[in-house]
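Here's the structure we're looking at; comments come further down.
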Amino acid sequence: MNFHEYQAKDLFAEFGIAVPKGQVASSPDEARSAAIALGGQQWVVKAQIHAGGRGKAGGVKLTKSPDETREVAAKMLGTAMQTYQSGGRALPVDKVLISEANDIAQELYLSILVDRASKCVQFIASAAGGVDIEQVARETPEKIHLINVDYVEGLQPYHCRKAAFAMGLNAKQATQLTKIMQGLYRMFNALDLSLVELNPLAVVTSGDLIALDGKVNADENALFRHPKLEQMRDIRQEDPTEAQAANFGVNYVQMDGNIGCMVNGAGLAMATMDVIKLAGGEPANFLDVGGGANKERVVQAFKLILSSDKVKAILINIFGGIVRCDMIAEGVIAAVKEVGLNIPVVVRLEGTNVEKGRELLAHSGLKITPATDLNDAAAKAVAAARG
């Protein structure tokens, strides 16, 4: 689950991380009032969408009067903004953040995430902030510093000093960085987060550190423990089809290919997409109906797949363990009849009640192509998609 910048900064403040003063606004008049309330001579108006790269897309503007703040907010609100990080989608701008303007002396980068290779929580620190960290890693990898934090030991002062030295900070700034890293570490663990990124973590002209921008991702599997975070979800920023799938208990991710996939189990779904690629095809989606799939969920899964007009064939790959093959077959037959399917369907079934499931499909009177194994299924799906 992603968060807006203003939500991320509210969380930062709760954990003692310094952020600029700011107010969120949903209308031009609210934006003007926010500028007056914040005081000062300059403000930054920032479009609130779940994507980076807003500045390059015109979503970050400096203003010098409350009236100009109102005018800039009016041009942003109610529009849809696409950036190089928005996945090809134009995201709705329903809110803007009005923030005090800071004089920046240097831009740093700091993030915390789970590093699966080291099996540790890891900080990434760099003196090259304000740009894509991927670009820094590619062009100047020596500027990237990784700091692993053992879960048992926890974050220690020497970890923070190591980051401060790597970023060339002085003693005062090292003390401030220690407070920021300790706040991030507490926040990361307390809220079951998967990523927190400060980019930039700025050194302002006073010499102090302040989080000018922030990105926060939470582990959706842990949201049941954090109702406050769940209430901060903005469905309008998510892919409509993926959001609909979540309501049905289906794990669905849209992709760019033309072969729709319906599989039970995330690992099997990944393997199915790999085999489609090996057979020369392109998967149109990741779709895991889950181990407890029923006929109704299969019907909904078909509708999700067909929501993309790119789909030219559907590959169903089911291993019957918890879910029985005959029940999946009944769901497939019901779905094909209900949605009036007119594209090829290839089905591979294995596991519990597989013979009964195959028999149901064979006698359904529908144009469903059986497959003996996964390689056979992928080859038939690719051929069907090519017509």
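From the C-alpha coordinates alone, can you work out the Kirkwood hydrodynamic radius of region 121-236, in Å? List each step's numbers first, then the result.
Working: mean 1/r = 0.0647 Å⁻¹.
One over the average 1/r among Cα pairs gives 15.5 Å for region 121-236.
Under a Cβ-only charge scheme (Lys and Arg +1, Asp and Glu -1), can you give me the dipole magnitude of the chain about the Cα centre, in debye to the nearest 20?
Result for the chain is approximately 220 debye, rounded to the nearest 20.
How large, in percent, is the carbon and sulfur part of the accessible surface of region 236-387 at a probe radius of 1.4 Å? Could the numbers behind the result be given before it?
Details: 3610 of 6980 Å².
Its accessible area is 52 percent carbon and sulfur atoms.
For region 58-204, max minus min Cα coordinate along each principal axis, in Å, sorted largest first?
So the three principal-axis extents are 50, 34, 34 Å.
In whole angstrom, how long is each semi-axis of the equivalent ellipsoid of the chain, when you take the square root of 5 times every eigenvalue of its Cα gyration tensor and sort them from largest down?
Numbers: eigenvalues 447, 124, 62 Å².
Here the semi-axes work out to 47, 25, 18 Å.
Projecting each Cα onto the charge dipole of the chain (Lys/Arg +1, Asp/Glu -1 at the beta carbon, about the Cα centre), which of Pro141, Val60, Gly130 comes out farthest on the positive side?
After comparing all options, I get Val60.
Zone of Ala246 (label point 7 Å along Cα→Cβ, backbone N under 16 Å): which residues in region 44-78?
The answer is 49-51.
Ranked from highest to lowest mean number of other Cβ atoms within 10 Å per residue, what is the order of the peptides 257-267, 181-191?
In decreasing order of mean packing, 257-267, 181-191 become 257-267, 181-191.
State the dimensionless ratio Rg/Rh of region 1-71 (Rg: radius of gyration of Cα atoms; Rh: Kirkwood radius). Each step should come with its number before you reach the end.
Numbers: Rg = 12.6 Å, Rh = 13.0 Å.
Expressed as Rg/Rh, it is 0.97.
Which of the GluC sites (Glu not before Pro) found in region 99-164 are in a DSSP loop and have at most 12 neighbouring Cβ atoms, other than their own, within 10 Å?
Listed in order of number, the matching sites are Glu153.
Report D for region 324-387 in µm² per second (integer): Stokes-Einstein, Kirkwood Rh on Cα pairs, 37 °C, 0.692 mPa s. Don't jump to the answer; show the numbers that get you there.
On the way: Rh = 12.0 Å.
The estimated diffusion coefficient comes to 273 µm²/s.
I'd like the accessible area for His363: 1.4 Å probe, protein heavy atoms, all chains in place, Å² to the nearest 10.
Surface accessible to solvent at His363 totals approximately 150 Å².
What angle, in degrees between 0 and 90 and rounded to the nearest 10, separates the Cα long axis of helix 157-166 from the longest principal axis of the Cα atoms of the chain?
The answer is roughly 80 degrees.
State the Kirkwood hydrodynamic radius of region 16-119 in Å, one decimal place, computed from all pairs of distinct Cα atoms.
Values: mean 1/r = 0.0674 Å⁻¹.
Radius from the Kirkwood sum: 14.8 Å.
Over all distinct Cα pairs, what is the inverse of the mean 1/r for region 156-201, reported as the Kirkwood hydrodynamic radius in Å? Please list the in-between numbers first.
Values: mean 1/r = 0.0896 Å⁻¹.
Answer for region 156-201: a Kirkwood hydrodynamic radius of 11.2 Å.
In deg cm²/dmol and to the nearest 500, what is the mean residue ellipticity at 222 nm of the chain if only DSSP H runs of at least 4 residues count, each as -39500 (n - 2.57), divided by the residue total? Could you put the intermediate results ahead of the total?
Details: 13 runs with 142 residues, N = 387.
Calculated from helices alone, the mean residue ellipticity at 222 nm is -11000 deg cm²/dmol.
For q = 0.10, 0.13, 0.15 Å⁻¹, what log10 I(q)/I(0) does region 241-387 give under the Debye formula with an equal point scatterer on each alpha carbon and no solvent?
-0.27, -0.46, -0.63
For Gln41 and Glu230 in one chain, what is 0.36 nm times their gap in residues minus the Cα-Cα distance, to one decimal in nm? Intermediate values should be presented prior to the final figure.
Numbers: separation 189, 0.36 × 189 = 68.04 nm, distance 3.63 nm.
Going from the current span to full extension adds 64.4 nm.
Roughly speaking, what is the stretch gain from Ala271 to Glu134, that is 0.36 nm per residue apart minus the C-alpha to C-alpha distance, in nm to one decimal? Walk me through the numbers before you get to the answer.
On the way: separation 137, 0.36 × 137 = 49.32 nm, distance 2.75 nm.
Between Ala271 and Glu134, full extension yields 46.6 nm more.
Over the heavy atoms of Lys21, what accessible area does a 1.4 Å probe trace out, to the nearest 10 Å²?
110 Å²
Place +1 on the Cβ of every Lys and Arg and -1 on the Cβ of every Asp and Glu in the chain, take the dipole about the Cα centre, and give the residue among Ile98, Gly16, Asn189 whose Cα lies farthest towards its positive end.
Value computed over the given set: Ile98.
Taking the Cβ-Cβ separation of Ala13 and Glu282 as r and a Förster radius of 45 Å, what is the calculated FRET efficiency to the nearest 0.05?
Numbers: r = 45 Å, r/R0 = 1.00.
After rounding to 0.05, the efficiency reads 0.50.
Assigning unit charges at the beta carbon (Lys, Arg +1; Asp, Glu -1) and nothing else, what dipole magnitude in debye, to the nearest 20, does region 162-276 show about its Cα centre? Intermediate results must be reported in sequence, preceding the final value.
On the way: 9 positive and 13 negative charges, 139 e Å.
Value, rounded to 20: 660 debye.
The values are calculated or read from the model by the stated rules, or taken from the named source; none is laboratory data. Here the structure is a predicted model, which means the values were calculated and not measured. Positions of Cβ are backbone-derived with ideal geometry, glycine not excepted, and every protein chain shown enters the neighbour counts. SASA here: full protein model, heavy atoms, side chains in, ligands and nucleic acids out. Shrake-Rupley method; radii C 1.70, N 1.55, O 1.52, S 1.80 Å.
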